[in-house]
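*Asks:* One structure, as structure tokens, below. Some questions next.
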Amino acid sequence: MKIIKSNNLNWIDKAGYSKKIFVTDKEVDHPGVRVQELKIAPGQICKSHYHRKQTEIFYFLIPMANFL
């Protein structure tokens, strides 16, 4: 088991959102696996997209977020 503390990771700024990467596929030796935390600023939109070999799971920390 590996313990990863979020406050030890840096935010990576992207277009309209920021993210922290906790685990990559190279660390677990399984292609396509990534565990990350995303922060989307109020009023920002994550563009519609899809992944051929990846599943995304969304968990909202505030009740005012919209998911379409």
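*Asks:* Quickly run through region 13-24 and pick out the residues that are under 30 Å from M1 (Cα atoms) and assigned to a loop (DSSP other than H, G, I, E, B).
*Replies:* Within region 13-24, just T24 meets the criteria.
*Asks:* On to the next question. Scan region 25-56 for residues that are surrounded by 12 or more Cβ atoms within 10 Å (Cβ to Cβ) and either among the small types (G, A, S) or part of a loop (DSSP other than H, G, I, E, B) (or both) and jot them down.
*Replies:* Correct list: V33, R34, C46.
Every number here is computed from the coordinates shown, using simple stated rules; none is lab data. This is a predicted model, so every value here is computed, not measured. No Cβ is skipped: glycine too gets one built from the backbone with ideal geometry, and neighbour counts run over all protein chains shown.
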